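The values are calculated or read from the model by the stated rules, or taken from the named source; none is laboratory data. Worth saying up front: this structure is predicted, and the values here are computed from it rather than measured. Every residue, glycine as well, gets a Cβ built from its backbone with ideal geometry; the counts of neighbours run over all protein chains shown. Only protein heavy atoms, including side chains, enter the accessible area calculation; ligands, DNA and RNA are left aside. Shrake-Rupley method; radii C 1.70, N 1.55, O 1.52, S 1.80 Å.
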Amino acid sequence: MFDFSLTNINTDNPSPLSVLYALLLSFFLSSLIAFTYEKTTGHNQSPGHFIQSMILGSIIAAIVAQAVGDSIGRGLGMLGVLAMIRFRTNINQPRNMIFIFAALASGIACGVFAFNIALYGCVLFCVLAFLLDLSPLSNYPKKSQTIKVTFDQDARIGEKSIREYFVQAKIAAELIRIDISLESGRTDKSYIWEVKSSQNIDENSLIESISALSEVKSIRYNLRSEEESI
């Protein structure tokens, strides 16, 4: 590996060569993490800007760590500056957040010139990510299907008729919520059912069949894929 003794590495006054090496290593390690993310979560089809954010975020973390160094005053000042920034991007999947944090951690380790920790930690993280992807722990429902059926206020057999239809159609569904709304003196009751994601359902046929039931006012079918959210 590179002989760091020639670059006069220290956190107070690092040489330009050591700074460049730290930034390039953070770029390499974060790219390795991004590659691991892409290969172990290929079904997500995440947009390119998410991958770029991991890589560029690692470089920024390295720059911040080098700028702060061992100075407490710099660290407090940096916290004050970062407190003014508001990140409003929602990360719905905890696994994505972990990969972002891993990229930032590698950048911080490179920024404080802990190259061995950054390299070994990154390699171990990527290897474990590949092993977990091959294990049963990587299996999870890929989509969520919900059906919302609204009945008129005078409906008497709403839930029962829907339940009987699911039994006849051999659809495994579970009632997860009941909504009651009052508008202009009318009371409507809505039943929200969750369909098991492993089933292949013809949406058009499902909507037509439920709409044909008596006393049905409206029906809404929602198919949400977990791959859509970052």
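How would Arg186, Arg177, Arg220 line up by accessible area, probe 1.4 Å, largest first? Before the final figure, lay out each step's value.
Details: Arg186 95, Arg177 120, Arg220 160 Å².
Most to least solvent-accessible, the answer reads Arg220, Arg177, Arg186.
Mind ranking Ile171, Ile207, Ile108 by accessible surface for me, highest first, 1.4 Å probe?
Working: Ile171 30, Ile207 55, Ile108 85 Å².
Output order, biggest surface exposure first: Ile108, Ile207, Ile171.
Using r as the Cβ-Cβ distance of Glu183 and Lys160, and R0 as 35 Å, what FRET efficiency do you calculate, to the nearest 0.05?
On the way: r = 24 Å, r/R0 = 0.70.
So, using R0 = 35 Å, E works out to roughly 0.90.
Per-residue accessible area for Glu208 at 1.4 Å probe radius, Å² rounded to 10?
We get 130 Å² for Glu208.
So how much accessible area does Leu124 have, in Å² to the nearest 10, using a 1.4 Å probe?
Answer for Leu124: close to 100 Å² accessible.
Between Leu134 and Leu17, what length in nm is gained on full extension when 0.36 nm per residue of separation is reduced by their alpha carbon distance? Walk me through the numbers before you get to the answer.
Numbers: separation 117, 0.36 × 117 = 42.12 nm, distance 4.00 nm.
Additional length available on full extension: 38.1 nm.
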